Amino acid sequence: MTARDAVLEILAENLPGGAVRSAVEQLGKLAAQEFAVRALPFVGIEAYGTCRRLALYVTGVPTGPQAKVLAQIFPLLLGRLRFERCMTWEPSGFCFPRPVRGLVALHGERLVSFSAAGLRSCRVTQGQEALGPRPVKLASAERYFKTLEHASVLVKDAQRLESMRGALAAASRRMKLAIEAGEQELAGNLYLAEYPVPVVSGFSQEFLSLSPDLVRGALRELLFFPVTDQAGRLQPYFAAFRDGISKGQRNVEDGFRAALESRLKQLISSESKHT
Amino acid sequence: MDFQDIILKLDRYWARQGCALLPPGAAGRADFAGPLCLAGAARRGPAPDGLPGLYRYRVLLKPAPDGARRAFLDSLRAVGIDRSEHDLRWLPSDGPGGTAEGAGWNVLLDGQPLAGFVYKAAAARASAEIVVVLERLALVSQRKRSAAELSWAGRLTYGELHSGEAA
C-alpha cells in the first residue's frame with residue numbers, strides 16, 4: 001500500500017491576521033485529533049495561513065479504501081473551527097470571519113469530494129490577486145506549494161517571513177544603512193501579503209526635526225520599517241512591503257511616501273499646537 | 001481621466017452591473033428589502049488623511065453577490081487604474097462599533113485610504129456597502145499630488161471649483 005500526501009485549502013476574502021493565526025493553530029490540532037479518532041494513519045500534519053487562505057497539509061496518508069474517510073474529516077474540520085468574530089455568508093450557516101470563496105481537497109492526484117460552506121471541493125484555486133483572477137489548477141497534493149509559488153503565493157508562513165527578512169537584509173546592504181526589522185511590523189505584514197515584495201522609499205528631511213520616537217511610531221503605525229545609519233540615527237528613508245509583483249514600483253513608493261508624510265505632517269502640527 | 005469622467009465611468013460601470021443610479025447626495029433607501037443595487041456620487045464629510053475628501057462614490061449591493069469584491073476591483077479598472085501597477089492593502093475592519101454585525105476592510109491604494117468595503121449581516125444574506133474616496137481615484141489617475149490641481153473637466157480644476165472652501 002502506498003502513501004500520498006493530502007491537502008485541504010480554504011480560500012477566502014482577506015482575513016484578519018489574528019483569525020488566520022488562530023485558525024492555523026486549530027486546524028493542526030483538530031486534524032491530529034480527527035485522524036486519530038478515525039484511525040487514519042499519517043506521517044505528519046502541517047497547517048499554514050495567508051491573508052487569503054488556510055491550508056492543511058498531511059503527509060503520508062495511505063491510499064485505498066481507508067482514505068475515503070478524508071471526505072468526512074475535511075468538512076468536519078471546517079465546521080469545528082472557532083473564531084472570535086464570524087458571520088454566516090450563505091444558507092448552510094457556516095460561520096467564518098469573511099466569505100469563503102473556494103475549497104480545494106486533494107489526496108495525491110485524487111479529488112477528495114465533499115460540500116461545505118455552500119461550496120463543493122475542487123482542484124482549482126486562485127493565485128496572486130494582483131495578477132488578476134486567474135484560476136490555478138492543481139495536479140496533485142504534492143504539487144500544491146510549488147504550483148502556488150509559481151502563481152506568486154507563498155503559502156507557508158515561515159517561508160514568507162524568511163523572504164521578508166531576506167529582502168530587508170538585501171535592501172539594507174544595497175543602501176549601506178540598517179533597517180530596523182521589528183518583530184511586530186514583520187508579524188503585521190505577514191498576514192497582509194501573500195507574496196511580499198519590498199518597497200524602499202524616503203521622506204522629506206524636514207520631518208527628522210520630530211523626535212525619533214514619534215517618527216518611529218508613525219512608521220510602525222503604517223507597518224513600515226525605519227532606516228538608520230550605523231550609529232542608530234534615523235535616516236529619511238523607510239522600507240515596506242507590498243503584495244504581489246514589482247510592477248509600477250514607483251507608484252507604490254510615491255504612495256507610501258505620501259501616506260507617511262501626511263501622518264508626519266499631522267504630528268508636526270499637533271506638536272506645534274502643544275508648544 | 002477628468003474628475004467628472006471618473007464619476008461618469010463609475011456610473012456606467014455600476015449601471016452595467018444592474019445598479020440603480022442615484023443623483024449626487026441621495027442616501028438611497030438602505031432599509032428597502034431588496035434585491036437592490038444602488039450607486040451614485042455623494043458628498044460627505046472630510047477624509048481623515050488631509051484630503052478635502054468631499055466626494056464619495058457609494059455602492060450598496062443587497063444582497064451582496066459572490067462577486068462583490070471582484071466587481072469593486074473591476075470598477076477600479078473601469079476608471080483606468082491597473083491593479084497590477086499598484087498596491088492594494090485590505091486592512092480588516094469589523095464594522096461599526098466593532099460589533100459582529102459587519103465585517104469588512106479599509107482598502108488602501110498604495111498606502112493611502114481609497115475605500116471602505118463592509119459586509120453587513122442580514123437575516124438571509126449579507127449586504128455589501130462600498131464607499132470610495134473619489135479624490136483618491138482622481139489623484140492616482142491624474143498622477144497629481146494635491147486635490148486642488150486635479151482637472152475636473154478640461155481646464156477647470158478641482159481647486160477653482162472649490163476655491164474658498166477649507167481643504
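Quick notes on this one:
- Conditions (1) outside any helix (DSSP H, G or I); (2) surrounded by 20 or more Cβ atoms within 10 Å (Cβ to Cβ): number failed by B:Ala124: (2)
- Scope the stretch A:239-255; condition touching a helix residue (DSSP H, G or I) at 6+ places or on another chain (Cβ under 7 Å), within 11 Å of chain B (Cβ to nearest Cβ) and either in contact (Cβ under 8 Å) with a residue 12 or more places away in the chain or surrounded by fewer than 17 Cβ atoms within 10 Å (Cβ to Cβ) (or both); matching residues: A:Ala240, A:Phe241, A:Arg242, A:Asp243, A:Gly244, A:Ile245, A:Lys247
- Positions within the stretch A:200-238 being among the hydroxyl-bearing types (Ser, Thr, Tyr), more than 14 Å from chain B (Cβ to nearest Cβ) and part of a strand (DSSP E or B), in sequence order: A:Thr228, A:Tyr237
- Taken over the stretch A:100-124, the residue count meeting the criterion of being at pLDDT 95 or above and in contact with an Asp or Glu (Cβ under 6 Å, 6 or more places away or on another chain) is 1.
- Residues in the stretch A:131-149 that are at pLDDT 95 or above, over 19 Å from A:Tyr191 (Cα atoms) and either of a type in the set (Lys, Arg) or not in a strand (DSSP E or B) (or both): A:Lys137, A:Leu138, A:Ala139, A:Ser140, A:Ala141, A:Glu142, A:Arg143, A:Tyr144, A:Lys146, A:Thr147.
- Of all residues making up the stretch A:59-81, the number that are under 22 Å from the mean Cα position of the chain (by Cα) and closer than 18 Å to A:Cys122 by Cβ: 3
- Test set (1) under 21 Å from the mean Cα position of the chain (by Cα); (2) at pLDDT 95 or above; (3) not basic (Lys, Arg) - A:Glu84 fails condition number: (2)
- Any chance B:Ala115 is at pLDDT below 90 and either of a type in the set (Val, Ile, Thr) or crowded, with 18+ Cβ neighbours inside 10 Å (or both): no
- Flag: A:Ser113 does not match the condition of being crowded, with 18+ Cβ neighbours inside 10 Å, over 18 Å from the mean Cα position of the chain (by Cα) and outside any strand (DSSP E or B).
- Residue list for the stretch A:1-47, restricted to those being surrounded by fewer than 18 Cβ atoms within 10 Å (Cβ to Cβ), polar (S, T, N, Q) and in contact (Cβ under 8 Å) with a residue 24 or more places away in the chain: A:Thr2, A:Ser22, A:Gln26
- Any hit, the stretch A:235-251, residues being over 30 Å from A:Gln128 (Cα atoms) and either at pLDDT 95 or above or hydroxyl-bearing (Ser, Thr, Tyr) (or both): yes
- Scanning the stretch A:95-116 for residues that are closer than 30 Å to A:Pro62 by Cα, within 14 Å of chain B (Cβ to nearest Cβ) and in contact with a Gly (Cβ under 9 Å, 6 or more places away or on another chain) yields a total of 1.
- Selection of first residues in the stretch A:48-73 that are in contact (Cβ under 8 Å) with a residue 12 or more places away in the chain and surrounded by 15 or more Cβ atoms within 10 Å (Cβ to Cβ) and of second residues that are among the charged types (D, E, K, R) and in a strand (DSSP E or B), restricted to Cβ pairs under 6 Å at least 6 apart or on distinct chains, gives the following pairs, ordered by first then second residue: A:Arg53/A:Glu9; A:Ala55/A:Glu9; A:Tyr57/A:Glu46; A:Thr59/A:Asp5.
Per-residue answers, yes or no, for (1) free of Cβ contacts under 8 Å to residues at least 40 places away in the same chain; (2) buried (at least 16 other Cβ atoms within 10 Å of the Cβ); (3) under 19 Å from A:Cys51 (Cβ atoms):
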{"residue": "A:Asp157", "(1), (2), (3)": "no, yes, yes"}
{"residue": "A:Ala170", "(1), (2), (3)": "yes, no, no"}
{"residue": "A:Gln184", "(1), (2), (3)": "yes, no, yes"}
{"residue": "A:Leu190", "(1), (2), (3)": "no, yes, yes"}
{"residue": "A:Glu194", "(1), (2), (3)": "no, yes, yes"}
{"residue": "A:Ser201", "(1), (2), (3)": "no, yes, no"}
{"residue": "A:Ser204", "(1), (2), (3)": "no, no, no"}
{"residue": "A:Phe224", "(1), (2), (3)": "yes, yes, yes"}
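- Within the stretch B:77-91, not a single residue is more than 10 Å from every other protein chain (Cβ to nearest Cβ), part of a helix (DSSP H, G or I), farther than 17 Å from B:Tyr57 by Cα and in contact (Cβ under 8 Å) with a residue 12 or more places away in the chain.
- From the options A:Ala181, A:Ala193, A:Ala169, residue that is assigned to a loop (DSSP other than H, G, I, E, B) and over 30 Å from A:Leu78 (Cβ atoms): A:Ala181
The values are calculated or read from the model by the stated rules, or taken from the named source; none is laboratory data. Just so you know, these numbers come straight off a predicted model, no measurement behind them. Using ideal geometry, Cβ is built from the backbone for each residue, glycine included, and neighbour counts are taken over all protein chains shown.
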